[in-house]
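Written below as structure tokens is the structure these notes are about.
The numbers here are math on the coordinates, done by the rules we state, and not lab data. Just so we're clear, the structure is a prediction, and the values are computed from it rather than from any experiment. Neighbour counts are summed over all protein chains in view; Cβ atoms, including those assigned to glycine, are modelled from backbone coordinates with ideal geometry.
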Amino acid sequence: MSGKREEILDAAEAIADERGLEGLSMRAVAQAVGLTPMALYPHVKDKGGLLDALVGRMLGRLYEAAPGAASQESEWRERLRLFARTARTLSLGHPWAAGLLFSRPAVAPDAVRTVDLLYTVLLDAGISPAEVPRLERLVSTFVLGWIASEAGGRFGPGSLDPRGRRGQLPTGTLPGHGALAGHLDQPVDWEAEFEADLTDLVAMVEAAVARKP
């Protein structure tokens, strides 16, 4: 990667960290690196190219930060867990990243390499090659969806507590909530929930292996 392109991506990442993706524009990046917006295009083509480059950068870091996930010397279950944990850790400093990864295709070389890592994990688990692309999409959707929800505050209680939200509707209209009220009002250990979800994810892959013809 050229030095100027690297500088442009550094600026774009810093702007996204500070302002979110809604504050990321070609004009803002150009101003940060001392160029005109038109001068960015030879390096990142356009706004879509800039976002794709950021996707590649984030997934490249994920690949580099979880070398054990790419090593076939480790058992596939641990490689899958390592991949998911590393993705979550990396997203903590960049709350915009998961949403971007969710919305853009993995077209940059580093992004494709990370997808290949998951393909290999699933093949080593014993998933039929015909099923691997579908399972990779399912695993990626779980991991990205979880960290995007966490980063975006979806798991938080919001401005109204759960009892207040339920109280906005007549009694008896939320039978599921009523049955679960004692559990819904308890604080959640998100670390423990993430690990429990990973255990269920591994079990789902094992189930897919078990039903292979």
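A few comments on the model shown:
- DSSP loop GluC sites (Glu not before Pro) with at most 12 other Cβ within 10 Å: longest gap in the chain: 76-213
- Furthest towards positive pole of dipole, Gly93, Ala14, Tyr119, structure part region 1-153, Cβ charges: Ala14
- Only the Cβ atoms of Lys and Arg (+1) and of Asp and Glu (-1) were treated as charged; on that basis the dipole of region 1-158 about its Cα centre amounts to roughly 300 debye.
- Each part reduced to its alpha carbon centroid, region 113-144 and region 93-108 end up 18 Å apart.
- 10 Å Cβ shell holding at most 15 others, DSSP loop, trypsin sites (Lys or Arg not before Pro): longest site-free stretch of the chain: 46-153
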